[in-house]
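Accompanying notes for the structure given below.
The values are calculated or read from the model by the stated rules, or taken from the named source; none is laboratory data. Computed from a prediction, not measured in an experiment: that's the story for all the values here. Here the Cβ positions follow ideal geometry from the backbone for every residue, glycine too, while neighbour counts run over all protein chains shown.
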Amino acid sequence: MTVDGIRIGTSWGDAPLPVELSSFTAAAGNGVVTLRWVTQSEVNNERFDVLRAQERNGVYQVIGSRPGQGNSNAPTPYSFTDNLVANGSTYWYKIADVDVNGVRTEHGPVSATPQAAGTEIITLNSDAPANFKIYPAYPNPFNPSTNLKFDIPAGSQGLQDVKVEIYNTIGQKIRTLFEGIAEPATHSLAWDGADDNGQIVPGGVYFAVLTTGHFRESVKLTLVK
């Protein structure tokens with residue numbers, strides 16, 4: 001089965017999946033984007049090509065590759081670092097597994113916006129929670145940064161397309177902390193009080209909003225100066 005371009009653990013008939021992907025994320029930093037993905041199994045997998053575009057539905061170009069495992073039944077982590085990015089611009093990424101016969105299967109996309117002070121999604125607990133949830137930030141009130149923990153449950157669609165964003169009290173989006181595919185698990189993000197342009201916002205009340213599918217939930221944050 002394929003969900004948003006991600007092939008997950010269902011095969012047609014008795015034919016094995018060339019690659020069974022369990023996670024694919026993009027983490028933005030200062031002038032850098034780091035892609036990470038994990039395969040649960042690989043069949044005749046020669047390599048992964050990494051593709052990038054500047055729009056979700058734009059033209060994707062190959063910017064690098066990683067050798068595959070050939071045949072493997074063991075979980076295998078991969079990573080790729082894109083240094084040719086500009087802070088403040090959003091980039092979209094796909095990966096394509098290429099088998100020994102040249103057959104390509106694309107996964108993604110995920111996106112990231114590099115900033116002078118970037119954020120990274122961290123998996124705290126790989127056990128799948130029962131429900132979607134965003135927890136109260138800690139510390140809160142905070143200065144200079146706070147941590148946001150949220151749960152992504154397992155479901156019929158497997159991996160989830162997730163956004164975690166910061167809004168002010170009049171509903172303006174201040175910062176996209178994460179946008180991309182997240183595996184069922186408990187995750188954590190840090191917010192350093194900066195907006196999407198890398199500028200520290202004024203002290204006051206803000207809201208962190210978790211959005212995925214038909215679920216949306218927020219928690220209140222207070223930045224003190």
- Task: Please find, within region 199-216, the residue that is nearest to ASP161 (Cα to Cα) out of those that are surrounded by fewer than 12 Cβ atoms within 10 Å (Cβ to Cβ) and touching a strand residue (DSSP E or B) at 6+ places or on another chain (Cβ under 9 Å).
- Result: GLY213
- Message: So, THR113, is that one in contact with a Ser or Thr (Cβ under 7 Å, 6 or more places away or on another chain) and modelled with pLDDT under 90 or not?
- Response: yes
- Can you tell me which residues in region 166-184 are on the phi > 0 side of the Ramachandran plot and either surrounded by 16 or more Cβ atoms within 10 Å (Cβ to Cβ) or assigned to a strand (DSSP E or B) (or both)? GLY180
- Message: Cβ contacts < 6 Å: first residue at negative phi and surrounded by 15 or more Cβ atoms within 10 Å (Cβ to Cβ), restricted to region 56-69; second residue among the charged types (D, E, K, R) and part of a loop (DSSP other than H, G, I, E, B), any location; separation 6+ or different chain. Result?
- Response: none
- Task: State yes or no: is GLY193 more than 19 Å from LYS133 (Cβ to Cβ) and surrounded by 20 or more Cβ atoms within 10 Å (Cβ to Cβ)?
- Result: yes
- Note on the structure: Per the filter on region 51-87, residues under 21 Å from VAL32 (Cβ atoms) and part of a loop (DSSP other than H, G, I, E, B) are GLN54, GLU55, ARG56, GLY58, TYR60, ASN83, LEU84, VAL85, ALA86, ASN87
- Query: Hey, PHE207 hits all of (1) on the phi < 0 side of the Ramachandran plot; (2) in contact (Cβ under 8 Å) with a residue 60 or more places away in the chain; (3) of a type outside the set (Lys, Arg) but one; which does it fall short on?
  - Reply: (2)
- Restricted to region 118-143, and to residues that are more than 17 Å from the chain's Cα centre (by Cα) and aliphatic (A, V, I, L, M), which residue is modelled with the highest pLDDT? ALA137
